[in-house]
1. State yes or no: is residue 232 within 22 Å of residue 181 (Cβ to Cβ), assigned to a loop (DSSP other than H, G, I, E, B) and either basic (Lys, Arg) or in contact with a Pro (Cβ under 7 Å, 6 or more places away or on another chain) (or both)?
2. Among the numbered criteria (1) surrounded by fewer than 18 Cβ atoms within 10 Å (Cβ to Cβ); (2) part of a helix (DSSP H, G or I), which single criterion is violated by residue 114?
3. Mind telling me which of the residues 61, 78 ends up being outside any helix (DSSP H, G or I) and surrounded by 13 or more Cβ atoms within 10 Å (Cβ to Cβ)?
4. Based on what the data block shows, is residue 149 closer than 20 Å to residue 394 by Cβ, buried (at least 21 other Cβ atoms within 10 Å of the Cβ) and under 21 Å from the mean Cα position of the chain (by Cα)?
5. Do you know which residues across segment 117-146 are part of a helix (DSSP H, G or I) and either among the aromatic types (Phe, Trp, Tyr) or in contact with an Asp or Glu (Cβ under 8 Å, 6 or more places away or on another chain) (or both)?
6. Could you say which residue among 205, 232, 196 is surrounded by fewer than 19 Cβ atoms within 10 Å (Cβ to Cβ) and at pLDDT below 90?
7. Being touching a residue at least 40 places away in the same chain (Cβ under 8 Å) and closer than 24 Å to residue 230 by Cβ is true for just one of 73, 128, 116, 89. Which residue is that?
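The values are calculated or read from the model by the stated rules, or taken from the named source; none is laboratory data. Only a predicted model underlies this, so the values are computations on that prediction, with no experimental measurement involved. Cβ: placed from backbone, ideal geometry, glycine included. Neighbour counts: every protein chain shown.
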Amino acid sequence: MKPIQITAASVFDNDRAPGYWILLVGTPAFLALAFALIVPLTAPQPAYLRYAQEYVNTGHIAETVFPMEYSWLAGLSIKAFGPSGLELLGAALYLLITISVWALARKGGATARNALFAALAAAIYPRLAEGVTKVWDVELAVLLMVLLMFCTVSLLRHGLQPSRVFTLAVVFGLSIAQRSNLLMLFPLPLYFCFMSAGTWRRKMSALVFGGVLSVLVLVAVNTLAHGSFFLSQNGPYNFVQGHNEFSSEVMLRESTSEPSVQLILSADGMAPVDEADEGDPTLQRYFVKRAFAYMRAHPMEEVKLIPVKIWTVFRPDVRLHRGLSPSSALIVCMSLILPAWLLVLLRKYARTGFDSLDWTFIAAFALYVLPFLLTACDPRHQIPIEICLLSHMACMAGKSSRRAALTVETVGAT
């Protein structure tokens, strides 16, 4: 009997091997522990921390401007684990993201090796690792985006199975509760629903059931966090950020469109706006009218804003890492995910054309980016879609590898 040899190749290629899962789970777990022990907790989005503390003290969040799902989870974590609950929540989201990226890649047909590499690339993505000790909703947004794509690909692969429709509806409701722009991805499951096998009655039943369940999940999250149903009222505030005479200058200078709001208020002779005032109905109407007035008066400027917005969303986010440093270098490298995806995509199209999975990710990318061309822009918005693209690249690389292997086998046989 020959002795069993454990090689690096066998560990990477066998997703049933203990070593494979030690790499997949152990890498983000180790990084999460290191960040939690070394890096102090910060709050780049302090409103979420304030709302979480309000939930701990009162059992509900009175604010109705911002989505409350992350703050609600943060409040529950603090209640359960004390001050360390925020780091534990960040670590849990970070670990789940890594595993979800792997699962999405495998569901799309990636090899075990490529799916592992995609997950590890997500694990070393700077903003995700740093997010373990940050109070912000980026990790939750990334996790929901990856899970939403996983459920969509499952629907593509397996059709209208009740369990998959149920899971997709729940994830979709959770996604909208935190990031309303993810509602733009609805055409994907809608298309796969109508293109799947089965009777028209079955398709309509799945669509109605899924839609109703998603709304119920959305209402449940809002009710548990706020105490009653509410709809986030920051839409006009985000809308005017992307349509004013200061938008381009501010985005190029500050890498975000948010400061432009204070500039238009000052230009119009109005007082600065605090977060607590954003939900004021009068101010909401002003934001909408101001944005539409600018769009009608400056159509050519609106066209020029499009590349500025694309650059703002997908530029390297080195605002906190000025100059050359390991962190800034890694962030710049991670910003190459989008051009790398485009190159791999074009290479595959030249060789074999696109399949249904490719069109799914292309459509998801377009639908995800579209809202940011119409509203607020910030480099953190790139993270959810880029993490999903890691999984798609793993799928395309896996198919290329299998085709190459088949070619070699055919030549050898000849």
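1. In short, yes.
2. Status for residue 114: all satisfied but (1).
3. 61
4. It is true that residue 149 is closer than 20 Å to residue 394 by Cβ, buried (at least 21 other Cβ atoms within 10 Å of the Cβ) and under 21 Å from the mean Cα position of the chain (by Cα).
5. Correct list: 117, 127, 128, 131, 132, 133, 140.
6. After ruling out the rest, the residue left standing is 196.
7. Answer to the check: 73.
Every residue, every condition in (1) part of a helix (DSSP H, G or I); (2) crowded, with 16+ Cβ neighbours inside 10 Å; (3) at positive phi, yes or no:
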| site | (1), (2), (3) |
| --- | --- |
| 32 | yes, yes, no |
| 37 | yes, no, no |
| 40 | no, no, no |
| 48 | yes, yes, no |
| 53 | yes, no, no |
| 84 | yes, no, no |
| 94 | yes, yes, no |
| 99 | yes, yes, no |
